[in-house]
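The values are calculated or read from the model by the stated rules, or taken from the named source; none is laboratory data. Every value quoted in this text rests on a predicted model; they were computed, and no experiment measured them. Please note: Cβ atoms are built from the backbone with ideal geometry, for glycine as well, and neighbour counts cover all protein chains shown. We work out accessible area using only protein heavy atoms, side chains counted, and drop any ligands, DNA or RNA first. Shrake-Rupley method; radii C 1.70, N 1.55, O 1.52, S 1.80 Å.
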Amino acid sequence: MAVTIDSLVIDMNQMWLILCAVLVFFMQVGFTMLECGSVRAKNVSNIIFKNVLDAVIAILAYWICGWAFAYGGDPARATSGTKTNTFIGSGEFCLVSSGAPEPAVYASWFFQAVFAATAITIVSGAVAERITMQAYAAMAVFMCAFIYPVVVHWVWSAQGWLSAFNTDSATRFGTNGMLDFAGSGVVHLVGGTSSFIAAWILGPRLGRFGTNRESIQHKQERAKIFRPHNRCLASLGTLILWVGWYGFNCGSTLVIANGASFVAAKVAVTTTLSAAAAGATCMLTNFFLTHTLDIDATLNGILAGLVSITASCSLVEPWAAVTIGLIGGFVYLGFSRLLVMLHIDDPLNASAVHGAAGLWGVTAVGLFTTANNLSSAYAVANPEKYGLFYGGGWEQLGVQCVGWLVILAWSAVLTALLLLPLKRLGHLRISPEVEVMGLDDQEHGGAYMTSLAQPEEFPEAVNYHLPYPMKDSFAYPYLPNTTVTPSFGVPGYQQPMFF
């Protein structure tokens, strides 16, 4: 077969997409290390198992029907003139096509499948240490088979009602559609919203929050019990995620030839600047408030900056990337504190990092997008609607807000519809005995590590308060003569119940 310039361009573009997809898939390693380091040692094996489960069950679910609901049938409809469905895709279930497959379909499927795995991995951190494995498996399948793919169809397919790639202005919302270059809304807001709802329905880990009458000292002692057990793992995981994010954002050019390399290079710059700005913001703000150098806040700040810039990474100038990251850091810090005030237990702060920062990232597009960048990234000739701060009017900002609003509602409602019946049937949360002993010991053949609590780190005043009745008291495994009882030491105490 003769080698032509056109065939070389196709090969180069597909290889670019495959390599970027490998980087995104490598983010699973980062998520695993971050989550392992952020939970207590008695649940490390469980966290590892759930992240492996994402790479196994979730990707199979995406192969069976996720791709079909996201992109299935788009090229066929475009060429046949068949009436399109702007809400959900159809066709190519199990990657079976009625005709010859598109040249780039396999590279595209691989790239999108690892994105889907990322969306559910976000949720695993929010429900850590207390969800049953069967409930999490159901959530992983439902997320990758339906919740996430439908949003992808809206925003990224050639037929979606919010999609900038939908060339039919009659079926597209807004002049440009919703601009989300690499997934602040499509991936992170979906995962962050589901994380928030799941953590809310599950309830906090045993002993995570006390009563409103609890002293500040006791709150601080209580927080120490649940602090990350291995910050080395958490730090390495965050840095791996930062590296993987270049596959996430730069790879969203989908091609590298014909000028796309310029966009990819700019994306790398804006991604780096936003992460650095958000990390510095959280580090300095926390030092100003607590006079401590908090590595946890800094790590989550970096991630919040990465999430914040993901939608606009190809659309903004470097100075705007720094501004977006800086604000993203404050958004993360504020929402993280709101979670604690509401007694919503999110061990990884996933809903703050991915949900709140993702919402801000989608909104920022409507403020900072320039006309030149919009032309380069989306091939829009002479754009009339772009960022408000550049004189592009209010329309794009309005479209972005409508976009994050419907994504938030869709993810929240469907997550609740799945988890509430599981909770009612008693299949959502592990038993109090298993939670105290640790999931590793009870479900994975023995604890990977021994988490020995020192008596001075577990004062008598810091007690467990159960979110549901328990039959009997039982001994805390690492502290002699310490028992766990419902409403222990607090007469008339009632755990806040949200559902």
Over all viewing directions the Cα convex hull of region 338-412 casts an average projected area in nm² of 6.3
Under a point spin-label approximation (7 Å from Cα along Cα-to-Cβ), what is the Ala223-Val340 distance to one decimal in nm? 0.3
Report, in degrees rounded to the nearest 10, the 0 to 90 angle that the Cα long axis of helix 216-225 makes with the longest principal axis of the chain. 70
Cα-based Kirkwood hydrodynamic radius, region 248-295, one decimal, Å: 12.6
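Percent of alpha carbon pairs in region 219-267 separated by more than 12 Å?
Working: 839 of 1176 pairs.
Cα-Cα pairs in region 219-267 separated by more than 12 Å: 71 percent.
Give me the number: length gained by fully extending Met133 to Ala257, i.e. 0.36 nm times residue separation minus the C-alpha to C-alpha distance, one decimal in nm. Kindly include the intermediate steps, with their values, before the conclusion.
Details: separation 124, 0.36 × 124 = 44.64 nm, distance 4.40 nm.
That works out to 40.2 nm of additional length.
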Consider just the alpha-carbon atoms of region 92-233 and return their Rg together with their Dmax, both in angstrom. 20.4, 68
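If packing is taken as the mean number of other Cβ atoms within 10 Å per residue, what is the order of 324-331, 437-444, 335-342, highest first? Provide the component values of the computation, followed by the final result.
On the way: 324-331: 26.2, 437-444: 20.4, 335-342: 15.0.
The peptides rank, most packed first, as 324-331, 437-444, 335-342.
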Placing each pseudo-label 7 Å from Cα in the direction of the beta carbon, Glu102 and Val434 end up separated by a distance in nanometres of 4.3
Inverse of mean 1/r across different Cα pairs in the chain, Kirkwood, Å: 23.4
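Between Rg and the Kirkwood Rh of region 243-337, both from Cα atoms, what is the Rg to Rh ratio?
Values: Rg = 14.1 Å, Rh = 13.3 Å.
Rg/Rh: 1.06.
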Taking 0.36 nm per residue of separation between Ser7 and Phe288 and subtracting their Cα-Cα distance, the length gained on full extension comes to 95.5 nm
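Determine, from the Cβ-Cβ distance of Leu420 and Glu384 and an R0 of 60 Å, the FRET efficiency 1/(1 + (r/R0)^6), rounded to the nearest 0.05. Please report the intermediate quantities before stating the final value.
On the way: r = 45 Å, r/R0 = 0.75.
Efficiency computed from Cβ-Cβ geometry: 0.85.
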Between Val413 and Glu395, what length in nm is gained on full extension when 0.36 nm per residue of separation is reduced by their alpha carbon distance? 3.8 nm
Round to the nearest 10 and give me the degree value, 0 to 90, for the angle of helix 105-126's Cα axis relative to the longest principal axis of the chain. 20
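What order, most packed first, do the peptides 247-254, 413-420 have when packing is the mean number of other Cβ atoms within 10 Å of each residue? Walk me through the numbers before you get to the answer.
Values: 247-254: 23.5, 413-420: 18.1.
Ranking the peptides 247-254, 413-420 by packing returns 247-254, 413-420.
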Cα-based Rg and Dmax for region 116-193, in Å, come out at 14.7, 48
Largest first, please: the extent of the C-alpha atoms of region 167-313 along each principal axis, to the nearest Å. 60, 34, 26
Using a basic spin-label model with each label point 7 Å from the Cα along Cα→Cβ, how many nm lie between Phe87 and Thr171? 1.4
Cα long-axis angle, helix 44-53 against the chain (0 to 90 degrees, to the nearest 10): 30
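What's the carbon and sulfur percent of the chain's accessible surface, probe 1.4 angstrom, rounded to a whole number? Please report the intermediate quantities before stating the final value.
Values: 13550 of 20270 Å².
Of all accessible area on the chain, carbon and sulfur atoms account for 67 percent.
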